[in-house]
1. Counting DSSP beta bridges in the chain, what percent are antiparallel, to the nearest 5?
2. Mind checking the full-extension length gain between VAL103 and LYS1? Use 0.36 nm per residue of separation minus the Cα-Cα distance, one decimal, nm.
3. Could you check the simple spin-label distance between ASN129 and ARG110, using points 7 Å along Cα→Cβ, in nm with one decimal?
4. With +1 on each Lys and Arg Cβ and -1 on each Asp and Glu Cβ, how big is the dipole of the chain about its Cα centre, in debye rounded to the nearest 20?
5. Given +1 on the Cβ of Lys and Arg, -1 on the Cβ of Asp and Glu, and no further charges, what dipole in debye does region 109-265 carry about its Cα centre, rounded to the nearest 20?
6. With the dipole of the chain worked out from charges on the C-beta (+1 for Lys and Arg, -1 for Asp and Glu) around the Cα centre, which of ALA5, ASN409, ILE279 lies farthest toward the positive end?
7. Before anything else, pin down the relative contact order of the chain: Cα pairs under 8 Å, at least 6 apart, normalised by residue count, whole percent.
8. Run the dipole for region 407-476 about the Cα centre, Lys and Arg Cβ at +1, Asp and Glu Cβ at -1, nothing else charged, and hand back the magnitude in debye, nearest 20.
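The values are calculated or read from the model by the stated rules, or taken from the named source; none is laboratory data. Source: prediction; values computed, not measured. Please note: Cβ atoms are built from the backbone with ideal geometry, for glycine as well, and neighbour counts cover all protein chains shown. To get the accessible areas, we keep the full protein, side chains included, count just its heavy atoms, and leave off ligands, DNA and RNA. Shrake-Rupley method; radii C 1.70, N 1.55, O 1.52, S 1.80 Å.
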Amino acid sequence: KGGSAIDAAIAAQLVLTLVEPQSSGIGGGAFLLYFDKTKKQLRTFDGRETAPLKATPNLFLSADGKPIRWIDAVIGGRSVGTPGVLKMLSDVHDQYGKLNWKVLFEPAIRLAKDGFIVSPRLASLVAMNMNPGLKVMPDAKSYFYPNGSPIKVGSILKNQQLADSLTLIAENGVAEFYEGDIAKQIVKAVQSSPIAPGILSFADLKSYQSVERDAVCVNYDEYKVCSMGPPSSGGITVLQILKLLEPFDLKSHPIDSVQTIHRYTQAAKLAFADRNKYIADSDFISVPVNEMLSEDYLLKRHKLINDESDLGFATAGTFRTEELASNVSIEQPNTSHLSIVDAFGNVVSMTTSIEMGFGSTVMAGGFLLNNQLTDFSLQPMYNGKPIANRVEGGKRPRSSMTPVVIFKNGEVYAVLGSPGGSRIINYVGYAIVGLLEYGLDMQTVADMARVSNRNGVTSLEQTPEMVVIKSELEKRGQKVKLLPLTSGLHGILRTPQGWQGAADPRREGTAQGY
């Protein structure tokens, strides 16, 4: 219909709310990179959820002052942050949309009314009871377990409540979501949750703002790689990994060789050490972005990588006098990513999530609400030192979402990102190494076996080839596990023949267009 990349992103996100409810939706948040072809300008937008204004660092502490169990933190109203994706998309649409806002809602409203075919992945995740809240929270239970049985593959699932909500937002704009009837439904659902009632208020929704942030970028060989800055940790961490690897002659060994995988995992350890200590919402804490991406600093860190032996547990660099404790929050691998190039050459790279599969399992207006507050550290202090990513009122939890746009000679070369919780960083980083160092195409990097290290055990995807790699890495002192790594890399690559779109075979994504 002549729409722009942002129009496509909005229409897709609305449909994903319905057909991939376990991963993302209007009850969640997102980060978006937008490249304006006419102005040759890259802009980044933060639609991340915020903690309720009345939230304190003790939100997830029990009466004895200790953090509650993670699974107890996830389910129910307490874990729900103020959803941000709709406000962000509306703000970007005001600047870059070509089609009428209302038109973008038509496919999702039609599918919600008439029903959509339940996919194998959705059905299997419901059947396996991956989120125990689904069987307990009344609205979620009646929707995903009609007549007491889990929804079936190939069955038609309708959602009239969601159709009604989307119709209101289509007619009246996002104000309907943030200060109208839908806002009231959200607040009521959170505060009256049968499990862990939350403190999200009408004032939280009404005051929510999306924020334009500075992109984080580095030069890598002849390319410029750009991503999202804080409160995403993904961009800085991926860029650190790349710069730590750049001095190596990587091409002298295949990408799936022991040598390359060893180097990659060591670089990831060093980058995650800095991430875990320093990155949080930059509106609340000073994040040393320039220092973390300094060429001199990263060259010093590069020298810590030994080709013959494992680093062990990497320690963070020293950037400031304030003492902070490191923290690892648990991020779940249920997220969506969209890579879009339109006919005008504009680009969207958007990663969007409700956190754990099916989020908090609190439903309002026919959609699931996020549990993103569990992306904060559940404990605010460690050994007497504050944790940067502790809960604070109005703060945005640290995220690993890593939407990326890569440039070559000033033109967009590649657009990519992935779901996968905190492993997103490794999935995207390793794919970029494949694209830029090895000249692989987008489908090849989407297909290839995954490698991950978050400053601990190296995780290798369970494939016959990786069994051999595991043994060789262990000889270098690494601790290694073989796991099913369900990435969901989606990307677009500029080739001499035109754009190549590719989707990860591990999930249900597809590539369409030209």
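1. Numbers: 59 of 66 bridges.
So the antiparallel bridges in the chain amount to around 90 percent.
2. Net length gain for the segment: 35.7 nm.
3. Going by the 7 Å Cα→Cβ label model, 3.9 nm.
4. 700 debye
5. Its charge dipole is roughly 620 debye.
6. ILE279
7. On the way: 1200 pairs, mean separation 107.8, N = 514.
So the answer I get is 21 percent.
8. Values: 7 positive and 8 negative charges, 65 e Å.
For this selection, approximately 320 debye.
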